[in-house]
1. Could you sort out which of Lys22/Lys52; Lys22/Lys275; Lys36/Lys297; Lys114/Lys297; Lys22/Lys101 sit more than 25 Å apart by Cα distance in this structure?
2. How do the peptides 23-31, 35-43, 79-87 rank, highest first, by the average count of neighbouring beta carbon atoms within 10 Å per residue?
3. Residue by residue, what Karplus-based ³J(HN,Hα) values in Hz, rounded to whole numbers, does region 273-285 have, using 6.51, -1.76 and 1.60 with θ = phi - 60° and x for Gly and Pro?
4. I'd like the Karplus ³J(HN,Hα) series for region 12-23: coefficients 6.51, -1.76, 1.60, θ = phi - 60°, whole numbers in Hz, and an x wherever there's a Gly or Pro.
5. Taking H placed 1.01 Å from N in the peptide plane, check which residues at least 5 places from Thr256 or on another chain put their amide H under 5 Å from its amide H.
6. Between region 107-122 and region 138-175, what is the separation of their alpha carbon centroids in Å?
7. Quick one: which residues, 5 or more positions from Asn150 or on another chain, have an amide H under 5 Å from its amide H? H modelled 1.01 Å from N in the peptide plane, none for Pro or chain starts.
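Quick note: the coordinates plus some simple rules give every number you see, no bench work behind them. Because the structure is predicted, anything quoted here is derived from the model rather than measured. Reconstructed Cβ throughout: ideal geometry from the backbone, glycine too, with neighbour counts over all protein chains shown.
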Amino acid sequence: MKETPLSNCERRFLLRAIEEKKRLDGRQTYDYRNIKISFGTDYGCCIVELGKTRVLGQVSCELVSPKLNRATEGILFFNLELSQMAAPAFEPGRQSDLLVKLNRLLERCLRNSKCIDTESLCVVAGEKDLFLFRIHIQVWQIRVDLHLLNHDGNIIDAASIAAIVALCHFRRPDVSVQGDEVTLLVTVITETFIFKQYTLEERGPVPLSIHHMPICVSFAFFQQGTYLLVDPNEREERVMDGLLVIAMNKHREICTIQSSGGIMLLKDQVLRCSKIAGVKVAEITELIQKALENDQKVRKEGGKFGFAESIANQRITAFRMEKAPVDTSDVEEKAEEIISEAEPPSEVFLNLLSVSKPVLWTPGTAQIGEGIENSWGDLEDSEKEDEDEGGSDEAIILDSIKMDTGEVSNIGSQDAPIVLSDSEEEEMIILEPDKNPKKIRTQTISATQVKAPSKKPVKKRKKKRAAN
């Protein structure tokens, strides 16, 4: 499904608002949207919300053989997925240009900046021949999977925050090396080399060694670099002329920088953006550290944690009420006390119950006593006069009906014919023995017309009588 294009009116409206230093969501030019970080029950699982843009991050690890050119370093792998759940414009099973660009930018931001100590991920250094078997080097491969849950602009900032938060929150299993025997799930019988992987119950998990936290900050340019916005949303990205992404840590060290859109930026503009990025990165880093500390504190105290606990209760059940303990041991005694303290019923109510008998109208319903006469819609004097005139009109109509139907009754009195009639006016066929059927057109008036007569048909009847 293709992305719905913006109309010319929407485009002009957005550009006009940016020129007046106004944004649709009420933010200022350099304001970020609200950032919310929530953690799952497992280590290394988190959801980052940047406004309405949501990214799920999940970190996993496994023991693999290292690369030949870097035999003593672990492996970092990043994967970002854009599904149709986030936006209908994303095509499943196909790597778009946007996806390739985002994955490359994440690798440059996190892996090439050496934010994680990859040498600490190496378990056994070197290669050793044991009898006829060759024991290869084992290192940890850290895989970071990012899934875009909802797209509302600025994917790269939300993805970079989710990746670094998931890496800081992740814990890998502990290992130990003893002697010259390697034991990896299966023991290899040798003399003195042992490598053992512990479970989480045997020994606590080990966090990754992280040197710094690089975070991406995006700047959108409009009117060929004349206007600048921080953290553009989805509609602002559609009308922007260029994008500048700066990855920086809290020490104001630029990890990577990328410009796209084909616009020419001056040196002063880049320096201005770098200063703004330094302030934003410091604020986001402080927010990440507080979120990690709160989660670690809750886990140590044995409290509730996870995605379900991070969502506010009023968003799930608006009428949720906490359970209160109820003592039902002396319910009968309390009921007797309430009855004894209550006032006795009045004599009028007792007489009404003794005289009146319940009337069962339909199964499941009953009525005690007779109701008062209905006074709803009492007729006034003018309405009563109209009702009397309507009664006289009904008498005239009934007389005319009798005169019209008298001929039919006389004809049918000879041989008792059968009359078939269903509608107000139709051809009536009289069935007679040994004779051709005769067709007589008559007019029958339903009960509804008799109940609600009008004055117009009465006048027609009077004119017909005058003509006769």
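1. In this structure, Lys114/Lys297; Lys22/Lys101 exceed 25 Å between Cα atoms.
2. Ranking, from highest mean packing down: 35-43, 79-87, 23-31.
3. My calculation for region 273-285 gives 5, 5, 5, 5, 5, x, 5, 5, 5, 4, 5, 5, 4 Hz in order.
4. 5, 5, 5, 5, 5, 5, 5, 5, 8, 6, 10, 10
5. Sorted by chain and number, the residues that satisfy this are Ala247.
6. 13 Å
7. Arg54
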